[in-house]
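A short worksheet on the structure shown next.
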Amino acid sequence: MFMLAGRMVGHSFLHGGPCLSGLSPAVVHVLLGGSPETATVTPEDCPDLDIRETIKLLEGNSSLSEKDKQRVQELVLAWDLPPLTENNRRWLFEKLLIHAVIGRVMRQIKQLRRGLKETPMWTLMTERPDTVDLLFPKEGAGNFSPEVLLQRVTWPSQDSDDDDDDCSVDTKCRISGYLRQFISNATQMELTNLVKFWTGWELLPRSLSVQVIEGRYPTASTCFETLRLPGHYKDYASFKQDLLACVCTSHTGFGLV
C-alpha cells in the first residue's frame, strides 16, 4: 500500500494534483537516502501524542516522579532498549525519539521510496534537490496574502434552481460578503488558522470551495476543501466571532495530524 502511495504522490505532482504535505523533515531525509543517525529529529516530529509526551519527560535535567519513571520504563521495555538510569538519560531520549519518528516506519519509508522510483519524480528529486520542497511542502511555508486566498475561492452558486439548496441568493451574497471582509482584514495567523480549518493543513491548495447552509456554526469538509457557513448571520460581528472561535480549533484537530 505504501508503494502504491509513492506512485500516487509522484503522479499527482506531475499532473498538477495536490502534493504530500505534513511529512516530518526527518522522514523526508531518510526517504531520499539519508541515514537515520544524521536526521534532525524533534519531539514535534513524533505523531503519537502519548509517546511524544513520554519522551519529552527525558528532555532537560529536571527530576522525574516515580509515575513518570514508570511511563518511561514501560516504553523502553516495549522497544527493547536499556532501562533508564542517571547516566543514560540523554542517550535514551535521542534513541527513543529516533525510533518513534523513523525506526517504527522504516518499512513504510522503503515502500514509499520504491513507489516514487517508479515515477519520473525520483530522478528529478535526485538531480534537482531544490524540487524536494515542492513535492513535500513543509509546515510554515504557506505564508500568503488575503488577495491570493480570495483568488482561489469558488464562491456559492447563485443558481436558485437547485432543489437541494435552501438558501436564497440574498443570503449567499450576504454570507459571502462577510467571508470576503474577514479574509481581507485578517492577520496572517488568522488566515493560516482559517486555511488549516478549511483544508486540514496550512498550505494553500489550488482551489477552495464555499457553501452556505442551514446550521449553527461554521464547519469544514477538509477532504473536499469546502467551508460550510451557516446562513443565519445578520451582522458581520457575530459572523466573525463564531468563525474565529471555530478556526482556532485547528490547533487541537487536523493541524496535529
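Any residue in segment 14-27 that is among the β-branched types (V, I, T), under 20 Å from P120 (Cα atoms) and touching a residue at least 60 places away in the same chain (Cβ under 8 Å)? Checked segment 14-27: no residue is among the β-branched types (V, I, T), under 20 Å from P120 (Cα atoms) and touching a residue at least 60 places away in the same chain (Cβ under 8 Å). Going by the conditions given, is P156 modelled with pLDDT of 90 or more and touching a Lys or Arg at 6+ places or on another chain (Cβ under 9 Å)? Judged against the criteria, P156 is not a match.
Counting only helices (runs of 4 or more DSSP H) that fall entirely inside segment 1-76 and contain at least 1 residues that are small (G, A, S) and under 22 Å from the mean Cα position of the chain (by Cα), the qualifying elements are 2-14, 25-31. Once segment 211-227 is narrowed to residues that are surrounded by fewer than 18 Cβ atoms within 10 Å (Cβ to Cβ) and not hydroxyl-bearing (S, T, Y), the residue that is farthest from K138 (Cα to Cα) is E214. Out of all the residues in segment 44-56, is one or more crowded, with 17+ Cβ neighbours inside 10 Å, modelled with pLDDT under 90 and of a type in the set (A, V, I, L, M, F, W, C)? Yes, some residue in segment 44-56 is crowded, with 17+ Cβ neighbours inside 10 Å, modelled with pLDDT under 90 and of a type in the set (A, V, I, L, M, F, W, C).
The values are calculated or read from the model by the stated rules, or taken from the named source; none is laboratory data. All values derive from a computational prediction rather than experimental measurement. Ideal geometry is used to build each Cβ from the backbone, glycine not excepted, and the neighbour counts take in all protein chains shown.
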